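**Student:** Encoded as structure tokens, here's the structure I'll be asking about.
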Amino acid sequence: MISGLNLPVTVTSRDDEVRLRRATMADLHPIIRLLSDDPISAGRGDVASTADEVAYAEALQRIIDDSSNDVLVVEAGTAVIGTLQLTIIPGMARRGSARLLVEAVRVASARRSAGVGTAAMRWVVEQAAIELRTPLVQLTSDAARTDAHRFYRRLGFIDSHVGFKFAVSLPDRPAQ
């Protein structure tokens with residue numbers, strides 16, 4: 001849990017107000033559903049299989065227990081309609097500045113294009129400046145996510161770097 005984030009908080013999307021709060025283990029299934037509701041994630045194995053539930057539960061617990069990480073959920077009423085992960089990365093570059101990494105941003109397909117993601121991301125950027133004192137917010141986005149790229153550019157993010165990944169085969173499971 002990242003200290004300095006005052007949660008829960010209500011933000012206004014285009015259609016209504018939604019609430020951002022820290023995820024708990026009770027949010028595991030809604031988060032898994034949001035990950036599998038995305039064709040690119042599903043193509044990587046996020047298919048909401050019960051066989052993967054233990055791995056997801058262990059990952060969520062590690063994140064909850066880590067003071068540099070948070071998983072947030074976005075609620076409309078009592079329904080979880082979005083999620084995102086935040087990680088503070090201490091750094092040497094930029095005169096020792098920390099950066100805030102945003103990952104796994106998902107909004108339920110039925111709620112996309114309603115301003116939910118915009119409201120959540122604007123709140124994240126505001127928190128980076130005011131509460132977390134991280135002068136850089138960064139994220140990666142799969143090259144195939146052209147709609148997401150337009151979304152992030154509209155919010156003021158600049159596609160300034162080229163990212164590289166190397167999939168490592170672990171002894172107990174294939175490379176992702």
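**Student:** Got at least one residue in the range 54-63 being over 13 Å from Ile31 (Cα atoms), without any contact (Cβ under 8 Å) to a residue 60 or more places away in the chain and part of a strand (DSSP E or B)?
**Tutor:** No, because not a single residue in the range 54-63 is over 13 Å from Ile31 (Cα atoms), without any contact (Cβ under 8 Å) to a residue 60 or more places away in the chain and part of a strand (DSSP E or B).
**Student:** Across the range 3-54, what is the total count of residues that are more than 18 Å from Ala108 (Cα to Cα), at pLDDT below 95 and either among the aliphatic types (A, V, I, L, M) or in contact with a strand residue (DSSP E or B) (Cβ under 6 Å, 6 or more places away or on another chain) (or both)?
**Tutor:** Total satisfying the criteria: 2.
**Student:** With in contact with a Ser or Thr (Cβ under 6 Å, 6 or more places away or on another chain), under 23 Å from Asn69 (Cα atoms) and among the hydrophobic types (A, V, I, L, M, F, W, C) as the only criterion, which of Ala148, Ala167, Ala120, Ala129 stands out?
**Tutor:** Matching residue, one of Ala148, Ala167, Ala120, Ala129: Ala148.
**Student:** Residues in the range 103-115: is at least one over 14 Å from Leu84 (Cβ atoms) and acidic (Asp, Glu)?
**Tutor:** no
**Student:** Evaluate the following for Val102: is it in contact (Cβ under 8 Å) with a residue 40 or more places away in the chain and surrounded by 17 or more Cβ atoms within 10 Å (Cβ to Cβ)?
**Tutor:** Values: in contact (Cβ under 8 Å) with a residue 40 or more places away in the chain: no; surrounded by 17 or more Cβ atoms within 10 Å (Cβ to Cβ): yes.
No: the conditions fail for Val102.
**Student:** Quick check on Arg33: is it within 20 Å of Ala148 (Cα to Cα), surrounded by fewer than 13 Cβ atoms within 10 Å (Cβ to Cβ) and not small (Gly, Ala, Ser)?
**Tutor:** The answer is no for Arg33.
**Student:** Can you pull out the residues in the range 121-152 that are closer than 19 Å to Leu86 by Cα and among the basic types (Lys, Arg)?
**Tutor:** Listed by number, the residues that qualify are Arg122, Arg133.
The values are calculated or read from the model by the stated rules, or taken from the named source; none is laboratory data. Computed from a predicted model, the values in this text were never measured in an experiment. Counting neighbours? That spans all protein chains shown, and the Cβs are built from the backbone with ideal geometry, glycine included.
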